[in-house]
1. If P176 satisfies every condition in (1) out of contact with any Phe, Trp or Tyr (no Cβ under 9 Å at 6 or more places or on another chain); (2) outside any helix (DSSP H, G or I); (3) modelled with pLDDT under 90 but one, which is the exception?
2. Identify the residue in the stretch 399-429 that is over 22 Å from T162 (Cα atoms) and among the hydrophobic types (A, V, I, L, M, F, W, C) and, among all such residues, is surrounded by the fewest Cβ atoms within 10 Å (Cβ to Cβ).
3. Could you check, for the stretch 185-208, whether at least one of its residues is assigned to a loop (DSSP other than H, G, I, E, B) and within 16 Å of F227 (Cβ to Cβ)?
4. Every residue in the stretch 340-357 that is among the β-branched types (V, I, T) and out of contact with any Phe, Trp or Tyr (no Cβ under 6 Å at 6 or more places or on another chain), please.
5. Looking at the stretch 164-182 only, could you name the residues that are farther than 22 Å from H289 by Cα and surrounded by 21 or more Cβ atoms within 10 Å (Cβ to Cβ)?
6. Please verify whether Y251 is farther than 25 Å from I171 by Cβ and of a type outside the set (S, T, N, Q), treating the condition exactly as stated.
Amino acid sequence: MNKILIIEDNVVLCRMLCNWLERKGLQTEHTGSVVQARKLITSTNADIILSDIRLSDGDGVEDVLKWMNKQQIRIPFIVMTEYSGISSAVQAMKLGAEDYLPKPINPDKLYSLLRELLQRRNKPERSLIFRRESRAIREMERRAQLVANTDMSVLIRGDSGTGKEHVARSIHAASPRAGNSFVAVDCGAIPKELAASEFFGHTKGAFTGAMDDKLGVLNAASGGTLFLDEVCNLPYEIQALLLRALQERSYRPVGGKQEMNANVRIIAATNEHIGKAIETGRFREDLYHRLCEFIINVPSLAECREDILPLAEFFREQSCIEFSKKVIRFDAETQKIMQAYGWPGNVRELRHCVRSAVLLADNDAIGVKELDIDLHVTADGYALKAENEEREHIIKALDAARNNKAMAANLLKISRPTLYEKMKKYGIE
């Protein structure tokens, strides 16, 4: 029988929830204290935890959920909160909570959520793990492993779709900060006028619309890792504030008077050439030097051709499980096309392409007609549009660099040996 641990100091509400859940066939255990909750979590086999935020002797998020993260205890955690505590509930979800329920609790909504979590928890999962073996990827992984155990800031460079966030998460998971939060921020999605509040939080009444105190992402990532995706898009006005917070290890919320500790590790990522952003005045050079204590370059899929077919097989197997289909292979012509294609969208494009092909397949093999790749046929076979575009990019880079191969490779964000290989492949003198 599945067990629900309820952490709630309102005795009436707690008893009501226990009675209702037991009538639904669930086993319950309850407490109203942080101290007792920790004991129950470590000594009983609860399947789901349902916790209030404000408890008589502490905080359900700060003193229970954060503690569980540090102890590496993985039990689905649902937060119950008054409407005034929504910001705290959002903070809880950043720390790994599954969901939050506003009070008064809607029994049907609660049961629906519990049933979904229990089905997921009880369903036998097939573990699909893929390890890429190309030399460029193995070198990237070696560098990531080396820096993971330090507290250095890391800058991850690579084209869109190469998996920069995956690299950042792997660094966090192998670091001493792994027991704390990994908070990802898309710097291009933050409105300029809200950026300061998003990063540093604000106090009630700090500006029009600030109805409650808000904790920013620096607080959410405290003790853990803050991942700044597409960092070149960070609003310029925030860059100076972020630089100070990183240098001084402290910051002040908007409208606040008290300094807060900035105990975070920064991992940033970009698909842009930051040097150009600095030259055009969009990015501060001093912040760049603070972020790039260690650089990791993520190679494009075109630079790791030996990974293409194994990755495609991995995504095919994943997609078959997702769609409950039995597609067991790619036919020979399809494999030839995938191996030759330039994959400008990198691993993301390959995954989307395979996923779509599995869904479209009406037999056990994926053929050319199921692939959504932009190509046309010539007398010599398949002439791929992406390869023609790549050849033009290389020629333009060489012209811009006045045939300086090192500079051209830098402009293209590839290694010099890779540039030589591509020049030979496309017959570029």
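The values are calculated or read from the model by the stated rules, or taken from the named source; none is laboratory data. Every value quoted in this text rests on a predicted model; they were computed, and no experiment measured them. Cβ placement follows ideal geometry from the backbone for every residue including glycine, while neighbour counts extend to all protein chains displayed.
1. Only one criterion is unmet by P176, namely (3).
2. In this case the residue turns out to be A406.
3. Within the stretch 185-208, one or more residues are assigned to a loop (DSSP other than H, G, I, E, B) and within 16 Å of F227 (Cβ to Cβ).
4. Passing the criteria: only V347.
5. Passing the criteria: N180, S181, F182.
6. no
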